[in-house]
Amino acid sequence: MSVWRTYSSMVLLVMIGLGLMIPSAIILGTIILTPYSGRAYPIEIGAGLYIASALMALASIPLINKRLTEGYALGILSCLLAFSTFIILLSLVVLGMGQYEYYNRYYQMVMLLIAIGGLALLPELIISILLTATWGESKRHQMAEKATTETSH
Amino acid sequence: MGMKEGVLFAIIMIGSLALSPVIADRGAIPIDDVILYQESQIAAIAWKDGEEVLILSSSLGAPRASDIAPYQPVRTSHARALEIIPLPSMPEVEEGSMEAFSKLSEIARIHAGNAIGLAGGLLDASRSVSIVYHEIIGLHDVTVVKAKDADELISWVIDYVRGHRLPMPSENSIDALESRVEDYLDEGYEYFVFDYLNLGSSMKTLEPLVYRFRSDAIFYPLRISGIIESYSKITLFLITEDKIRPESIEGTGFEITFEGMVDLSEVEGADERLAELFEGQERVWLTTLIWMGDLSSLDRDLGITIGFSLERIKPVLVWATPIVAAFALITVLYVRAYGRGSR
C-alpha cells in the first residue's frame, strides 16, 4: 500500500511540476521580453511562485523515492505554495486588480495563471494526503523498527 | 448651424522660462462658435545635457456643421482657433518635416520587429507682455512673447485676435486658457509662443515646427492641451543617451511601446537636428511613448528624466526571489538528506 501511495504521489508531483513550470515559464518569459513590464507585478510574482513550487515538486521526487523525510516535506511544501499562489492571484483579481488600465493588457495572463493553479488544486490535495499518509506510515515503521531493535538488545 | 468652410486656425504657442524642463504639447481655444477636436499629436524629442530639440505636429480640426446638424440651414462661416504651447525657455523655432516621424517609426519598427501605429522684436514697456520673436515659417505665423501676468497675457491675446480681424473666442475658452496660463506663470514659465495658422475646412496634420530650448529634463507640456475637449492620441519619439526612468512617466497614462538602442546615423536620417546633440556617439536610445484619451483629462506636464532606475530592477526581483528561495530550500534539504545518509 505504501509503495502504491509513494509512486502515485511521485507521478502526480511530476504532473504538477511540469504543469506549473511550462506555462508559468512561458508567461514569465513573455513578460520579461515586454519592453516595459514594470506594471505586471502580479503576473511576475504569480509565475515566479508557481515556478518555485514546480521546482520543489520536481526536486522532491528523488528524495521521496528514497523514502527520505525531506522529500515528503518538500513535496507537501510545493503543494502548499502552489495552493497559496492560487489564492493570492484569485484575491488580487477579486479585490479589483483588473480595474487598473495597466493591468488590462495582462489580464488574460493573470486568468491563465489562475486557471493553471485551479487545475492543480485536486492533484495538490491528493499529493498532500498521499505524502502525509506515507510519511506517517514511514515514521510508524521506523519507530516500530527502533523498538524491535531495542527489545532484541 | 451653418456650413463651415474655409476654416482658419490660429495656433498660439506659449512658452515660459523656468528651471524645470518643458516641451510643448498643443492646446487650442476656438475663436468661432465651433467645437475643436484634435485627432492626434506626434512629437520627436532629442534631449542631452539640458538641451532639447522638439519636433511637434498635430492634427487639428473642427467638425463641419453638416456633420453635427445636417438638416439645419447652411450658414457659411469660418472655424478659427488659437493653439497654445508652453516652453520652459526662449526657443529657437524652425520648420520641420513630417518625414522625421515616419522614419523614426520605421526605425522603431525595424528594431522592435513590430509596427507602431502612429513659434519680432517689438517691446511694449507699458505692459508685462513683450514680443521677443516673430517669424512666418510656412503656414505658421509664429510669435514668441514674454509674459509675467495672466490678465496681461489674455489682454494681449485679445488684442492679437482683434489685430488679425478675428472674432472674439468664447468666454469659456478665454477662461480655460487664463486658468492654464495662470498655472504656468505661477510655476515660473514666462515665454509664450503664438502660432497663427490658416487651414482648410477639413482635418489637417500640420507641418511640424522644430523648437530648440534649454531644459533640465525632457519636458512635454500636456496641461495646455486640456483646454480642448477631444479624444486624442499623442505619440512621442524620445532620443536620449540613456534609458528613460519609468517612474518619470508614472501616472501620466503614457505607455512605452518601444525602447531600444539605434544607430545615430538612423536618427540623423530622420532629422539631423535630432542627432546634433549626440555628436561623437554611435548609438542612442529611441523610446516610443503613446497616450490615448480625453485631452481635457490632462492635468500635468511630462518631465522625463533619464538614467538608472530601481523600477527596472523591481520586476526581476519580484519573479526571481521565489525561484532563488526555492533553489536555496532544495539545496538545504538535499544537503541535509544526503549528509545524514553519508554518516
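Read-outs: derived from the displayed coordinates by stated rules, not from any lab. For clarity, every value in this text was computed on a predicted model and none was experimentally measured. Methodologically, a virtual Cβ is constructed for each residue, glycine included, from the backbone with ideal geometry; neighbour enumeration extends over all protein chains shown.
Computed values, structure above
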| read-out | value |
| --- | --- |
| Sorted by Cβ neighbour density within 10 Å, fewest at the top, the residues B:Val161, B:Val144 | B:Val161, B:Val144 |
| For region B:196-302: rounded, prolate or oblate by the Cα gyration tensor [a/c cutoff 1.5] | oblate |
| Cα gyration tensor shape for chain A, rounded if a/c is under 1.5, else prolate or oblate | prolate |
| Charge tally in the Cβ shell below 15 Å around B:Ile110, where Lys, Arg are +1 and Asp, Glu are -1, B:Ile110 excluded | -1 |
| Size of electric dipole in region A:2-152: Cβ of Lys, Arg +1 and of Asp, Glu -1, about Cα centre, debye, nearest 20 | 140 |
| 5 angstrom amide H check on B:Ser40, placed H, neighbours 5+ away | B:Ser59, B:Lys233 |
| Once exposed loop trypsin sites (Lys or Arg not before Pro) are cut out (DSSP; at most 14 other Cβ, 10 Å), longest piece of chain A | A:1-65 |
| Between helix A:41-65 and chain A: long-axis angle, C-alpha atoms, 0 to 90°, nearest 10 | 20 |
| Ascending count of other beta-carbon atoms within 10 Å, so fewest first, for B:Ile154, B:Ile228 | B:Ile154, B:Ile228 |
| Lys/Arg +1, Asp/Glu -1 at C-beta; region A:2-152 dipole; positive extreme among A:Leu12, A:Thr148, A:Tyr50 | A:Thr148 |
| Estimated vicinal HN-Hα couplings, Hz - region B:266-279 in sequence order (Karplus 6.51, -1.76, 1.60; Gly, Pro = x) | 5, 5, 4, x, 6, 6, 4, 5, 6, 8, 3, 5, 10, 3 |
